[in-house]
Amino acid sequence: MSGVLPDNGGGDGTTSGAGALGLYVHVPFCAAICGYCNFNRGLLDEDLKPRYVAALTREIDRSGDGSRVDSIFFGGGTPSLLAVGEVARVLDACRDAFDVAPDAEITLEMNPESCRPAAVTALLEAGINRISLGVQSFDDGELARLGRAHTAARARDAFAAVREAGCGNVSLDLMLWLPAQSRAACAGSVDALVALAPDHASLYMLELYPNAPLREEAARRGWSQAPDEDAAAMYLDALSRTDAAGYHQYEISNVARPGRQSRHNLKYWQDGEWLGFGCGAHSTRDGIRRQNVSETVRYVGAVEQGAPVTETDRRLSAEERLGDALFTGLRLAEGIDLGAFERRYGVDVGARYGPDVRRFAAAGWMIEAAGRWRLTRAGMLVSNEILRTFV
Ligand code: SF4
């Protein structure tokens, strides 16, 4: 595993007190467990699922304060394992408890193998208006090595079904730098993605955590990841291909058609506020960061008993808020506005971090212009090292 490649984000962002809230709904169930996955998830338990959905609606209900909400995101796990009626119940709970804007962006993550055309139509009728499909690769050998339950053909069928149902805002997830993946194969998957013309795409470098089952299997079977230079080339080449197809890179790992950036995820990177529901979900609001208990059964039990589900709950210091806002803001291609930071945090970040930024600029990793700082693509390749400076 290289330490020099962009990771998949996951920053919690900070609070601004401005703008509408986002709501994140965690669905921890999966049909199978992928050998690289480090998310909070487990195998689908059909008996637990209805109790979990009831717990979600109860948690949403008791957290509701009528605040304006302009994005809802069902993430996981595999949210497409919920029945349409279950998704609709959670959405109803959100609308009852909050002032959900009529044009709110409402995303559901879907795995190709659990995409059923009739269900997609019903999901759109229930209010889902953005679908994020976890494709990961268009090569069946790579998908098998990852332990994914779908084939490339199944992913194409799922995309077609989502479009035919009338979804005008579709995102595809692709992973780069897979075990035994060549640069040509990586480019082939990016081209296959572009050929489908999604509205948005997330292009993540595969990160294998220390004890990932896939790491051991890859070592046993000789599926090595390409050297770091090739990994960097895969990332830059993927972005060249999405550039050429008219996508705009707006974050280290995300590209979109004009106006199709993820409104929800921008809250994490633009100093926004959100509430998370479900096991392990994070919230950040009014300078307070909160995390729910991670374990699904404990979460459900706590809600059923009317007990708190919060595991950690603490007020961020001014320094933490500033550091987090810099860390997440610099993930954006447009970077950060120094004047806006000074007005919000009362800190002259230009004076504090100027020498570091000039060092990064001399290396070709950052650009300082018009009162803004931003990473170059070469800087995005070493973003883990650069962003550490600010937290
Ligand atoms: S489907 Fe997604 S959340 Fe579930 S195990 Fe695979 S990578 Fe993890």
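Every number in this text was worked out from the coordinates using simple rules, so none of it is lab data. Predicted model only: the values in this text are computed from it and were never measured. Every residue, glycine among them, receives a Cβ derived from its backbone with ideal geometry; neighbour counts consider all protein chains shown.
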### Task
Report, in debye and to the nearest 20, how large the dipole of the range 201-246 comes out about its Cα centre when Lys and Arg carry +1 and Asp and Glu carry -1 on their Cβ.
200 debye
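If the only charges are +1 at each Lys and Arg Cβ and -1 at each Asp and Glu Cβ, what is the size of the charge dipole of the range 79-189 around the Cα centre, to the nearest 20 debye?
Values: 10 positive and 15 negative charges, 81 e Å.
Approximately 380 debye in magnitude.
Within a Cβ distance under 13 Å of D313, other residues only, what is the Lys/Arg minus Asp/Glu net charge?
Working: positive: R285, R289, R290, R314, R315; negative: D286, E311.
Once positives and negatives cancel, what remains is +3.
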### Task
Report the relative contact order of the chain, percent, no decimals, based on alpha-carbon pairs under 8 angstrom and at least 6 residues apart.
21 percent
### Summary
The Cα extents of the range 21-269 along the principal axes, largest first and rounded to whole Å, are 51, 40, 33
### Query
With each run of n ≥ 4 DSSP H residues scored as -39500 (n - 2.57), what mean residue ellipticity at 222 nm is computed for the chain after dividing by its residue count and rounding to the nearest 500 deg cm²/dmol?
-12500 deg cm²/dmol
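For the range 21-269, what proportion of DSSP beta bridges, expressed in % and rounded to the nearest 5, is antiparallel?
Details: 6 of 36 bridges.
The antiparallel fraction comes to roughly 15 percent.
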### Query
Considering the chain as a Gaussian network with a 10 Å cut-off on Cα pairs, which listed residue, E304, E113, E229, attains the greatest mean-square fluctuation?
E229
### Message
Using all alpha carbons of the range 270-309, what is the percent of pairwise distances in each 5 Å bin, ordered from the shortest bin to the longest?
### Response
6, 24, 28, 19, 13, 7, 3, 0
### Query
How large is the Kirkwood hydrodynamic radius of the range 318-388, in angstrom, based on all distinct alpha carbon pairs?
12.0 Å
### Task
Would you mind ranking T310, T389 by Cβ crowding within 10 Å, fewest neighbours first?
T310, T389
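What is the sum of charges around D356, taking Lys and Arg as +1, Asp and Glu as -1, for the other residues whose C-beta is under 12 Å from the C-beta of D356? Could you put the intermediate results ahead of the total?
Working: positive: R352, R358, R359, R388; negative: E368, E385.
Result for the neighbourhood of D356: +2.
When Lys and Arg each count +1 and Asp and Glu each count -1, what net charge do the other residues less than 11 Å away from N111, Cβ to Cβ, add up to? Write out the running numbers ahead of the final one.
Details: positive: R148, R154; negative: E109, E113, D173.
That works out to -1.
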### Packing-based ranking, highest mean first, of 263-270, 105-112 given that Cβ atoms within 10 Å are counted
105-112, 263-270
### Task
Please identify, among R377, R260, R62, the residue showing maximal mean-square fluctuation in a Gaussian network model of the chain using a 10 angstrom Cα cutoff.
R62
### Query
Between the range 317-333 and the range 233-269, how many Å separate their Cα centres?
20 Å
### Query
Which listed residue (P213, T328, P28) has the Cα farthest towards the positive end of the charge dipole for the chain, taking +1 on Lys and Arg C-beta and -1 on Asp and Glu C-beta about the Cα centre?
T328
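Where the only charges are on Cβ atoms (+1 Lys, Arg; -1 Asp, Glu), what is the dipole of the chain about its Cα centre, to the nearest 20 debye? Let's see the in-between values first.
Working: 41 positive and 52 negative charges, 55 e Å.
For this selection, approximately 260 debye.
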